[in-house]
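The values are calculated or read from the model by the stated rules, or taken from the named source; none is laboratory data. Fair warning: this is a prediction, and the values are worked out from it, not measured in the lab. Please note: Cβ atoms are built from the backbone with ideal geometry, for glycine as well, and neighbour counts cover all protein chains shown. In case anyone asks, the SASA skips ligands and DNA or RNA and just uses the protein heavy atoms, side chains included. Shrake-Rupley method; radii C 1.70, N 1.55, O 1.52, S 1.80 Å.
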Amino acid sequence: MTASSVRPVSEREARQVAEAAREQVWHKPSFAKELFLGRFRLDLIHPHPAPAPDDVRRGEKFLEKLREFCETRVDAARIEREAKIPDETVQGLKELGALGMKIDPKYGGAGLTQVYYNKALALAGSVSPAIGALLSAHQSIGVPQPLKLFGTQEQKDTFLPRCARTDISAFLLTEPDVGSDPARLATTAVPDGDDYILDGVKLWTTNGVVADLLVVMARVPASEGHKGGITAFVVETASEGVTVEHRNAFMGLRGLENGVTRFHRVRVPAANRIGPEGAGLKIALTTLNTGRLSLPAMCAGAGKWCLKIAREWSAAREQWGKPIARHEAVGAKISFIAATTFALEAVIDLASQMADEDRNDIRIEAALAKLYGSEMAWRMADELVQIRGGRGFETAASLAARGERAVPAEQMLRDLRINRIFEGSTEIMHLLIAREAVDAHLSVAGDLIDPDKSLSDKGRAAAKAGGFYARWLPGLVTGTGQLPRAYAEFRPPGHRDLSPHLRYVERSARKLARSTFYAMSRWQGRMETKQGFLGRIVDIGAELFAMSAACVRAEMLRTTGDHGVEAYQLADVFCRQARIRAEELFERLWTNTDDLDRKVVSGVLAGSYTWLEDGVLDPSGDGPWIADATPGPATKENVHRRISPCA
């Protein structure tokens, strides 16, 4: 089967597969879900939740060991130069227990909370983003997390001790012609007695080049005694028929062990199946509910580093008689970096602590953290390169060779770029979050806009929707945000006044909900095609969530006596910047070029503008746009790299 002959899937079938995989019911409250419904539930996040003292002691002890290891045994320049993490570094991480940070101590792990796991990733990733990616892919989406949530006791006893100390794991879903549309998944797992026979090709397998254990998503054909569907399996990389055919190279994350893995008649015991047949996508999405928090944690760490370099450099570099930081054009960039770093740390710490407490459903919060963190970290790194000028564009090795400090600003920019694509691109995250944000509407009025529903179904839906909106819509007219003295606890003496920002969030949440309702009324079944509109709705929600988190964190730091005045200053500046962005997004909900853009796209695809391409040459090589993924035996050398223990 070639890439072009992957079984065709209709748009409706693809939606049905994705819909079946998502969690259908909300068993716990969600701050972000309520925010999109126009209800500002500050009580769900304030006072800021705090970790247990034992968790803090255990976490701080591990961070101390990790910091010492990163300072003395990690050569970031060598990783960048050789495009791989040295075996002795990986072995050192194993001995440190870094592979088992989130694994329960009874299986040999460190048992860190989500908060401290993320702090560890931010620390390691600040030294080498490739190490951060290695640890994150192993624990956030690799074997440990799915087994923790869905594995049998036998599977946990078998695999978790290995994952905690010796074995690296990877997660394999993407295929050469299958990305965020899993309905077209081509890899198969055919039942054969007490085993499954696995065939297919997986692309962009982070950690796959060095992994010992794999979580593989494959389609089980429906048959007698087998429900079938996309299913998750733990696969031993050493199994016969598993071949790493290629190690991929990227513009950034040069030490990333990412490749192409082929499975040819690989025998996998049924005991290695995670959950029931057909539950693979639900397992993947549930794993990502907290797994997505690792990426924005490293983005927050990147922001901290950008701030440090911007501060030191802009104080040392002078132009026209004063440090460049004192020039407004540069100062504005530094202010943006400082304020945004504060907000990113507020978002990730709040979402992580909520994950640890398990009192709230954080699926939207985690997705917003991933979306917002990846976008804002990229902007901060870009601003740092601009502040550094020509030195920002120059490599660290070149700077060092001519006698200057080896600051890898351009590497940071390259390394961060993938975060806008990893674990759900920004565009996919917009759609995923938008679907969750309008869930309440679809649950009561979805049948009204479903063309396949009968008139009787639509009648029942109309009655149900009428009752819901009769209660919901009046609450969007007025609210606490219109009371001048609301949220008074956020204007303590001697500090900036944050209460106006929280009143703005409350008013804007209602405005956002009204805008969503109006759009659903206007476009009905075509709403899902309005991706530009939905993206802006989500981006507004992200700004409001970040503002809320920043204010709550500032107040928490004030009450604990930890830089409260400065935290209030940063939160105030961030909220003022975020409000400007949010207002622009609100304006663009209804004043935009979306319709014109679609017409231009049609012209581009029809070849109407090929004359515009004249005058240049295309340096691209030959070959198909998508590589052949026909199942079968490997024809290339196995480039799997086994990490060798140090002598």
**OP:** Restricting to the chain, compute how many DSSP beta bridges are antiparallel as a %, nearest 5.
**Re:** 85
**OP:** Please report the base-10 log of the normalised intensity I(q)/I(0) for region 99-171, using a Debye sum with one equal scatterer per alpha carbon and no solvent, at each q in 0.11, 0.12, 0.24, 0.28 (1/Å).
**Re:** -0.24, -0.28, -1.06, -1.34
**OP:** Give, rounded to the nearest 20 debye, the magnitude of the charge dipole that the chain has about its Cα centre when Lys and Arg contribute +1 at Cβ and Asp and Glu contribute -1 at Cβ.
**Re:** 1480
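Which value in Å is the Kirkwood Rh of region 546-589 over different Cα pairs? Intermediate results must be reported in sequence, preceding the final value.
Details: mean 1/r = 0.0914 Å⁻¹.
About 10.9 Å, per the Kirkwood formula over Cα pairs.
What whole-number value in Å² describes the accessible area per residue of the chain for a 1.4 Å probe? Working shown, then result.
Working: 29190 Å² over 647 residues.
Heavy-atom accessible area per residue stands at 45 Å².
Net charge near residue 52: determine it from the other residues with C-beta under 12 Å of the C-beta of residue 52, scoring Lys and Arg +1 and Asp and Glu -1.
Working: positive: 57, 58; negative: 54, 55, 356, 357.
Neighbourhood net charge equals -2.
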Original post:
With a sphere of radius 12 Å drawn around the Cβ of residue 537, what net charge do the other residues whose Cβ falls strictly inside it have (Lys, Arg +1; Asp, Glu -1)?
Top reply: +3
**OP:** Classify region 384-477 as rounded, prolate or oblate, taking a ≥ b ≥ c as the square roots of the eigenvalues of its Cα gyration tensor: rounded when a/c is under 1.5, otherwise prolate if a/b is larger than b/c and oblate if not.
**Re:** prolate
Original post:
Roughly how big is region 424-496's charge dipole about its Cα centre, with Cβ charges of +1 (Lys, Arg) and -1 (Asp, Glu), in debye to the nearest 20?
Top reply: 440
Subject >> Nearest-10 value in Å² for the accessible area of residue 199, using the 1.4 Å probe >> reply: 30
**OP:** For residue 206, tell me the accessible area in Å² from a 1.4 Å probe, rounded to the nearest 10.
**Re:** 20
Original post:
In nm, what is the difference between 0.36 nm times the number of residues separating residue 180 and residue 613 and their Cα-Cα distance?
Top reply: 152.9 nm
**OP:** Can you send over the solvent-accessible area of residue 112, 1.4 Å probe, protein chains only, in Å² to the nearest 10?
**Re:** 10
Original post:
Using a 1.4 angstrom probe with every protein chain in place, what is the largest-first accessible-area order of 447, 212?
Top reply: 447, 212
**OP:** Report, in whole Å, the centroid distance computed from the Cα atoms of region 508-576 and region 446-480.
**Re:** 26
**OP:** Rank 592, 602, 617 by how far each Cα sits towards the positive end of the charge dipole of region 578-619 (+1 on Lys, Arg Cβ; -1 on Asp, Glu Cβ) and give me just the farthest.
**Re:** 592
Subject >> region 359-418 and region 286-306: distance between their alpha carbon centers, rounded to Å >> reply: 13
Original post:
Ignoring ligands, DNA and RNA, how do 169, 644 rank by accessible area with a 1.4 Å probe, largest first?
Top reply: 644, 169
Subject >> residue 443/residue 592 FRET efficiency (R0 41 Å; Cβ-Cβ; nearest 0.05) >> reply: 0.90
**OP:** Mind giving me the nanometre distance, one decimal, between the label points for residue 238 and residue 251, set 7 Å out from Cα along Cα→Cβ?
**Re:** 4.0
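What net charge do the residues around residue 155 carry, taking every other residue with its C-beta under 14 Å from that of residue 155, with Lys and Arg at +1 and Asp and Glu at -1?
Numbers: positive: 148, 156, 162, 273; negative: 104, 154, 157, 167, 236.
Charge balance in the 14 Å sphere: -1.
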Original post:
Out of 521, 352, 283, whose Cα points farthest toward the positive end of the dipole of the chain (charges: +1 Lys, Arg; -1 Asp, Glu; placed on Cβ)?
Top reply: 521
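If each residue of separation counts as 0.36 nm, what is the full-extension length gain between residue 599 and residue 514 once their alpha-carbon separation is subtracted?
Details: separation 85, 0.36 × 85 = 30.60 nm, distance 2.85 nm.
Contour length minus the Cα-Cα distance gives 27.7 nm.
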Original post:
What longest region of the chain stays clear of chymotrypsin sites (Phe, Trp or Tyr not before Pro) that DSSP places outside H, G, I, E and B and that have at most 13 other Cβ atoms within 10 Å?
Top reply: 1-319
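Ranked from the most accessible area to the least, with a 1.4 Å probe and all protein chains present, what is the order of 27, 563, 246? Don't skip to the end; give the middle numbers.
Working: 27 150, 563 125, 246 90 Å².
Descending order: 27, 563, 246.
Under 1.5 on a/c is rounded, so check that first for region 169-246, then, if it is not, pick prolate when a/b is larger than b/c and oblate when it is not; a ≥ b ≥ c are the square roots of the alpha carbon gyration tensor eigenvalues. Can you show the working numbers first?
Values: a/c = 2.20, a/b = 1.32, b/c = 1.67.
Note, shape of region 169-246 comes out oblate.
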Subject >> Listed residues 207, 183, 40: farthest to the positive end of the dipole of the chain (Cβ charges) >> reply: 40
Original post:
Which aspartates and glutamates have a Cα less than 16 Å from the Cα of residue 322, not counting those fewer than 8 places away in the same chain?
Top reply: 312
Original post:
Quick one, what does Rg over Rh come out to for region 136-285 if you take C-alpha atoms and the Kirkwood Rh?
Top reply: 0.94
**OP:** Round to the nearest 0.05 the FRET efficiency obtained for residue 192 and residue 625 when R0 = 30 Å and r is the Cβ-Cβ distance.
**Re:** 0.30
Original post:
Summing -39500 (n - 2.57) over the DSSP H runs of n ≥ 4 in the chain and dividing by its residue number, what mean residue ellipticity at 222 nm do you reach, to the nearest 500 deg cm²/dmol?
Top reply: -17000 deg cm²/dmol
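Which length gain, in nm to one decimal place, applies between residue 67 and residue 328 when the Cα-Cα distance is subtracted from 0.36 nm times their residue separation? Don't skip to the end; give the middle numbers.
Values: separation 261, 0.36 × 261 = 93.96 nm, distance 3.58 nm.
Stretched fully, the residue 67-residue 328 segment lengthens by 90.4 nm.
Just the number, please: carbon plus sulfur as a percent of the accessible area of the chain, 1.4 Å probe, no ligands or DNA/RNA counted. Working shown, then result.
On the way: 15930 of 29190 Å².
Of all accessible area on the chain, carbon and sulfur atoms account for 55 percent.
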Subject >> Rounded to the nearest 20 debye, dipole of region 259-414 from Cβ charges on Lys, Arg, Asp, Glu >> reply: 600
Subject >> Links that overshoot a 25 Å alpha carbon limit, given the list 61/102; 33/304; 370/636 >> reply: 33/304; 370/636
Original post:
Once a ≥ b ≥ c are taken as the square roots of the eigenvalues of the Cα gyration tensor of region 510-620, is the result rounded (a/c under 1.5), prolate (a/b larger than b/c) or oblate (a/b not larger than b/c)?
Top reply: oblate
